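Before any comments, here is the structure.
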Amino acid sequence: MKIFLDTANLDSIKKYSEMGIVDGITTNPTLLSKEKGNPIQTMKEIVQYINGPVSLEIVASTFDEMMDEGLKLAKYGKNVVVKVPMTMDGLKVVKALSSNDIKTNVTLIFSANQALLAAKAGATYVSPFIGRLDDIGSEGLNLVSEIVQIFASYDISTQVLVASVRHPLHVIESAKMGADVVTLPPDILDKMIRHPLTDKGLDLFLNDWKKLEKEHPDLKF
Ligand code: E4P
């Protein structure tokens with residue numbers, strides 16, 4: 001399963017990319033609004049820094065305007081994935097962009113029917129927002145399970161990109177279900193890296209090594 005970082009923060013992107021655990025990036029207008037500086041410049045810098053796919057979201061709502069934005073965003077780099085909202089015009093945009101070999105990520109997916117239609121229109125990725133479903137008392141992970149099952153049954157090549165992830169268990173469950181990608185805010189990646197028993201075990205090893213250094217004053221690797 002691929003791991004994307006769900007952020008527009010370049011420092012975070014650099015930090016986790018250096019660990020070799022980031023396959024791509026997803027951004028949206030809200031994430032860009034949290035960063036200082038010109039959002040267009042930020043998007044371009046992310047695209048240049050990352051080799052993997054970078055989802056950049058269009059903000060227009062009519063077909064012509066959406067196409068114009070999508071084509072402009074696609075020119076930022078070969079790795080750009082145009083993020084398109086799940087609307088009627090959005091589906092037309094997905095069809096037109098994918099016919100031009102431009103990758104798309106259909107965002108704000110809240111039902112398996114929406115995912116099926118986005119795939120049919122030619123989406124490269126569909127993004128079910130599972131945390132936002134949990135927030136209203138629906139089981140977000142059930143949606144992932146449904147989409148994965150439907151895509152597998154019909155050999156659909158559109159990738160399931162699990163979004164709106166709130167905690168590490170969402171990641172484990174998505175992986176067990178066979179999701180292609182999860183996109184994670186940096187704090188969730190932190191929680192996945194850390195474990196109290198790892199910290200405890202490391203303290204013990206380092207303390208024992210200090211004891212050895214006292215017994216052998218010229219100890220060096
Ligand atoms: C995904 O592409 C979205 O940017 C993101 O996962 C939305 O998550 P949120 O519900 O935490 O805003």
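The values are calculated or read from the model by the stated rules, or taken from the named source; none is laboratory data. For clarity, every value in this text was computed on a predicted model and none was experimentally measured. Cβ sites come from the backbone with ideal geometry, for glycine too, and all protein chains shown count toward neighbours. To get the accessible areas, we keep the full protein, side chains included, count just its heavy atoms, and leave off ligands, DNA and RNA. Shrake-Rupley method; radii C 1.70, N 1.55, O 1.52, S 1.80 Å.
Counting Cα-Cα pairs of the range 8-135 in 10 Å increments starting at 0 gives whole-percent bin shares of 13, 43, 35, 9, 0. Counting only lysines at least 8 places from K14 when in the same chain, those with an alpha carbon closer than 26 Å to its own are K2, K34, K36, K44, K72, K75, K78, K83, K103, K191. What is the Cα centroid distance between the range 56-110 and the range 171-212, reported in whole angstrom? The two parts, judged by their Cα centres, are 36 Å apart. A 1.4 Å probe over all protein chains sorts T198, T124 by accessible area into T198, T124, starting with the largest.
Solvent-accessible area of the chain (1.4 angstrom probe, protein heavy atoms only): carbon and sulfur portion equals 54 percent.
Using a Gaussian network model of the chain in which every pair of alpha carbons under 10 angstrom is joined by a spring, one finds that among G201, G20, G131 the greatest mean-square fluctuation is at G201. First check a/c for the chain, with a ≥ b ≥ c the square roots of the eigenvalues of its C-alpha gyration tensor; if it is under 1.5, answer rounded, and if not, answer prolate when a/b is larger than b/c or oblate otherwise. The shape class here is prolate.
Highest mean packing comes first when the peptides 27-36, 40-49 are listed by Cβ atoms within 10 Å, giving 40-49, 27-36. Per residue, the accessible area of the range 2-185 comes to 48 Å², computed with a 1.4 Å probe over protein heavy atoms only.
Working from Cα positions, state the angle (0 to 90°, nearest 10) between the long axis of helix 168-177 and the longest principal axis of the chain. On a 0 to 90 degree scale, this one is about 60.
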